[in-house]
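The values are calculated or read from the model by the stated rules, or taken from the named source; none is laboratory data. Everything numeric in this text was worked out from a predicted model, so none of it was measured. Quick reminder, even Gly has a Cβ in these numbers, built from the backbone with ideal geometry, and neighbours come from all protein chains shown. Ligands, DNA and RNA are excluded from the accessible area calculation, which covers all protein heavy atoms including side chains. Shrake-Rupley method; radii C 1.70, N 1.55, O 1.52, S 1.80 Å.
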Amino acid sequence: MLFGDVYASAARRFLVIAMLICIISARIVSSLQVMEFSHSPFLLYSDGQGHIFEDTTLYSVGRAGWDAMPIPDDEWIPLPDGGNLYELPGRKGIGIDVRTGAMRLCEKGDAVAAFIPPAHTGFYLSAYETMPDAPTLPLFCYTAVGWYKGEFYVPAIRIERDIRQECSGYDADLVKKGVSHIIEAYPHNRLVKHLAENCALTYECPAARNYFLGRWECPIPASPACNANCIGCISFQPESESIVSTQDRLTFTPTAAEIVEYTVPHLETAPYPIVSFGQGCEGEPLLVWETIREAIIEIRKHTSKGSININTNGSRPDAVEHLMKAGLNSIRVSMNSTQPELYTKYYRPNNYEFADLVTSLKTVKKYGGWTSINYFVFPGITDSVAEFESLCALITDTKLDMIQWRNFNIDPDWYMGKMNILELGDTLGMKQMLELIREEFPDLKFGYYNPPIERMANYENDFAH
Ligand code: SF4
């Protein structure tokens, strides 16, 4: 369900499993600085053994939809701290020949893409040509990347100032100490055990690690089942598929008592506390809304601090209404597109439709709650004119509070093929799309995470243009 919060940890897991990734650390920077280049960054290629080189005969370009295109200088930023590089087997990078100015393939090795860390939104995908027999790429984002004067650069923006999932903010020893302490405090709680052993220690889920560090947003996985069949589901993939899910799904439904036991102390003691249903290692939390309602009512008997959030596919407005009456504070509804046709092709929902998501968002507003969408950014589709118009209509219709602009973790060719997208209409460019939405809806918040209740009242947009 929650792509962004798990993908850093999932990336680490994939490294161990498939050995396709070469990790290269980079430094932290401000995303708002405008780079001045004497030429475009050079294209990168890999020898397939984890060694990455620059090709000084080619400039790096980006991809939107099916098309490769030059990237404007002012859209590049140095690869942020926590960013990684991927080598892409069976794919040849596309670049602009520095001598002729024509686009051509790099034949020296495999194409390379970047993983950009949470709080950042990419503007272009990596541009490459996929050879026959190339394996499907696992469920991560594949942002364009280049090399300029000793540094890696990516076309992206820091969309959120919050440091809650900053790579440098995690001390593995402190996480382990937190796990020991919490397990000792709640020895019979299955959910705490799941969060400790699977989420924090195995997947290194940033949200779970923050919980064991006693801070910010605390995850509450609750549902083993789902009522959608997303093409890129990170917690379940049929065996017939060419990819595997990056998380193992929760196998039990916790009791309300198990939820209340560890979330009340978190709300009482953590700084800027949020407790959030709907995590990457579960199905759809609204399917267990009765348990969630019971837990919310019980939590609020013990503490009025912090906020209670749900990350969801938004499929059950009736359940959302029950939860709002019980004391839910905010909702984040995930979507790959605001166009019902594209949404349905990707989510393949059972017994609900896009209109239900809209009703869920409106329901939360009706009860005075905070609404966000978890918007999967896929350059070429997200910034199409059709998507822009449909997003504007959704914002107007629902009086949406916030868009969390998250990079879509999926093999671009596989996604577009599965969706049977052959032609795309005109596109705006992701940067311009952000600017136009900002102009059109000055009160709408941009970000990457669910804001704590203290910030909702006075949320300052980090995005500038
Ligand atoms: S299939 Fe269900 S659990 Fe998987 S991503 Fe879609 S909504 Fe989330």
Under the condition of being touching a residue at least 60 places away in the same chain (Cβ under 8 Å) and surrounded by fewer than 22 Cβ atoms within 10 Å (Cβ to Cβ), which residue from region 134-145 is nearest to Pro155 (Cα to Cα)? Thr136
For region 442-464, give me the residue count where each residue is at pLDDT 85 or above and within 18 Å of Gly122 (Cβ to Cβ). 4
From Thr251, Thr263, grab the single residue that is surrounded by 24 or more Cβ atoms within 10 Å (Cβ to Cβ) and either under 20 Å from Lys193 (Cα atoms) or near the ligand (Cβ under 9 Å from one of its atoms) (or both). Thr263
Spot the failing condition for Gly280; the list is (1) open to solvent by less than 10 Å² (accessible area, probe 1.4 Å); (2) part of a loop (DSSP other than H, G, I, E, B); (3) modelled with pLDDT of 95 or more, and only one is missed. (3)
Note on region 294-341: residues in a loop (DSSP other than H, G, I, E, B), under 15 Å from Val275 (Cα atoms), touching a helix residue (DSSP H, G or I) at 6+ places or on another chain (Cβ under 7 Å) and not charged (D, E, K, R) are Thr303, Gly306, Gly327, Leu328, Asn329
Could you tell me whether region 420-439 includes any residue that is open to solvent by 50 Å² or more (accessible area, probe 1.4 Å), more than 25 Å from Ala111 (Cβ to Cβ) and of a type in the set (Val, Ile, Thr)? no
Flag for Gln237 being open to solvent by 10 Å² or more (accessible area, probe 1.4 Å) and within 16 Å of the ligand (Cβ to nearest atom): yes
Out of all the residues in region 152-165, is one or more small (Gly, Ala, Ser), out of contact with any Ser or Thr (no Cβ under 9 Å at 6 or more places or on another chain) and over 18 Å from Pro265 (Cβ atoms)? no
Pairs where the first residue, in region 272-287, is without any contact (Cβ under 8 Å) to a residue 40 or more places away in the chain and the second is aliphatic (A, V, I, L, M) and within 13 Å of the ligand (Cβ to nearest atom), C-beta under 6 Å, 6+ apart: none
Given the conditions (1) open to solvent by less than 10 Å² (accessible area, probe 1.4 Å); (2) without any contact (Cβ under 8 Å) to a residue 60 or more places away in the chain; (3) among the polar types (S, T, N, Q), which single one is not true for Gln404? (2)
Here is a list of conditions, (1) in contact (Cβ under 8 Å) with a residue 24 or more places away in the chain; (2) under 18 Å from Asp73 (Cβ atoms); (3) open to solvent by 50 Å² or more (accessible area, probe 1.4 Å), and Met131 meets all of them except one; can you say which number that is? (2)
Assess whether Thr263 counts as being among the β-branched types (Val, Ile, Thr) and within 20 Å of Gly306 (Cα to Cα). yes
Return a yes/no flag: does region 352-361 have any residue that is charged (D, E, K, R) and open to solvent by 10 Å² or more (accessible area, probe 1.4 Å). yes
Which one of Ala208, Ala185, Ala196 is surrounded by fewer than 23 Cβ atoms within 10 Å (Cβ to Cβ) and either polar (S, T, N, Q) or out of contact with any Lys or Arg (no Cβ under 9 Å at 6 or more places or on another chain) (or both)? Ala185
Selection from region 241-268 of residues among the aromatic types (Phe, Trp, Tyr) and either under 21 Å from the mean Cα position of the chain (by Cα) or part of a helix (DSSP H, G or I) (or both) yields Tyr262
Tell me which residues, restricted to region 89-111, are touching a Leu at 6+ places or on another chain (Cβ under 8 Å), open to solvent by less than 40 Å² (accessible area, probe 1.4 Å) and assigned to a loop (DSSP other than H, G, I, E, B). Pro89, Cys106
Look through region 283-317, keep the residues that are away from the ligand (no atom under 16 Å from the Cβ) and β-branched (Val, Ile, Thr), and return whichever of them is surrounded by the most Cβ atoms within 10 Å (Cβ to Cβ). Ile296
Could you give me the residue pairs with C-beta distances under 6 Å whose first residue belongs to region 208-227 and is away from the ligand (no atom under 16 Å from the Cβ), whose second residue is hydroxyl-bearing (Ser, Thr, Tyr) wherever it lies, and which are 6+ apart or on separate chains? Arg209/Tyr170; Trp216/Tyr272; Glu217/Ser276; Cys218/Tyr211
Would a scan of region 154-173 turn up a residue that is of a type in the set (Ser, Thr, Tyr), open to solvent by less than 30 Å² (accessible area, probe 1.4 Å), touching a residue at least 24 places away in the same chain (Cβ under 8 Å) and over 18 Å from Ile243 (Cβ atoms)? no
